[in-house]
Amino acid sequence: MSRPNTPILDRIHVPSDMKGLSNSELETLAHELRSEVVEAVSETGGHLGSSLGVVELTVALHAVFDTPRDKLIWDVGHQCYPHKVLTGRRERMKTLRQEGGLSGFTKRAESEFDPFGAAHSSTSISAALGFTIARDMGLPTGDAVAIIGDGSISAGMAYEALNNAGAEGRRMFVILNDNEMSIAPPVGAMSKYLSGLYASPLGELQTMAEGFEAALPGPLRDHARRARQLVTGVADAGGTMFEDLGFQYVGP
């Protein structure tokens, strides 16, 4: 298989290279990144579906947050292939899951962009809370973001972490990636409830998301709005898809 044409991806060596890209360029980058992951996994095998399900999300997160200072924690970690491509490991992607090659999950020894390594589910929120407390105690780390799937969120450890995080009242981010791309079909009441949200009119979900954004401080509100539009392709009323919001990252 010949390598796909990826002119924008070819310019991205670390996530900071994405900061100057417009929203339309980031949209194109997501298409190129998807092709890159398919091409690599076609040779190595691996977790293709879960990784393809987070391509736009991965691009949005790295465009909005200041990694590796800000910590992206992927749960379970098997959906991290697009993240690995964007964080300096593109040329090694065809060593995935090979002896001496890249891990199929996040791995701390592999990259400073992998702050937490785990191949078990439902641990991301606890880890993000730990990084958040460390930040508030004065350690040189930024925001922590837990990205947890619809399969992982149903485990007791995830709810214990949410309970603790809510009681702490600290600023951290938990993203529920409900794309129904688990390794096996998710079961149970929580999965049924989340799937039922798809039956709701899109306008209701968009209104809910915009309500959450409105409660955030100004810079964070702009970041959240841009990330939502990049991932969903849905602009605010009166706007255009992937419109340029004049975004500039402002650190904590």
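Quick note: the coordinates plus some simple rules give every number you see, no bench work behind them. Computed from a predicted model, the values in this text were never measured in an experiment. Cβ placement follows ideal geometry from the backbone for every residue including glycine, while neighbour counts extend to all protein chains displayed.
Assorted remarks:
- Local electrostatic count at Val41 - Lys and Arg +1, Asp and Glu -1, tallied over other residues with Cβ under 12 Å: +1
- Amide H within-cut-off set for Lys71, under 5 Å, with H built and near neighbours excluded: Gly142, Asp143, Ala144, Val145
- Shape metrics for region 9-199, restricted to C-alpha atoms - Rg then Dmax, Å: 16.3, 46
- Converting phi to 3J(HN,Hα) with the Karplus coefficients 6.51, -1.76 and 1.60 and the offset θ = phi - 60°, region 125-141 yields 5, 4, 5, 4, 5, x, 5, 5, 5, 4, 4, 5, 8, x, 6, x, 9 Hz in sequence order, with x at every glycine or proline.
- Förster-model FRET efficiency, 41 Å R0, Ser16 and Ala189, C-beta, rounded to 0.05: 0.45
- 22 Å Cα-Cα threshold exceeded, pairs from Lys71/Lys94; Lys84/Lys107; Lys71/Lys107: Lys71/Lys94
- Across region 74-174, the convex hull enclosing all Cα atoms gives 95 Å³ per residue.
- Taking amide hydrogens as placed 1.01 Å from N in the peptide plane, the amide H of Gly149 sits under 5 Å from those of Asp75, Val76, Asn177, each at least 5 positions away in sequence or on another chain.
- Region 20-86 and region 125-159 have Cα centres lying 20 Å from one another.
- Within the shell defined by Cβ-Cβ distances under 9 Å, the residues around Pro68 carry a net charge of -2, with Lys and Arg each +1 and Asp and Glu each -1.
- Cα-based Kirkwood hydrodynamic radius, region 1-114, one decimal, Å: 14.0
- Under-5 Å amide H pairs with Val174, H placed in peptide plane, nonlocal only: Ala146
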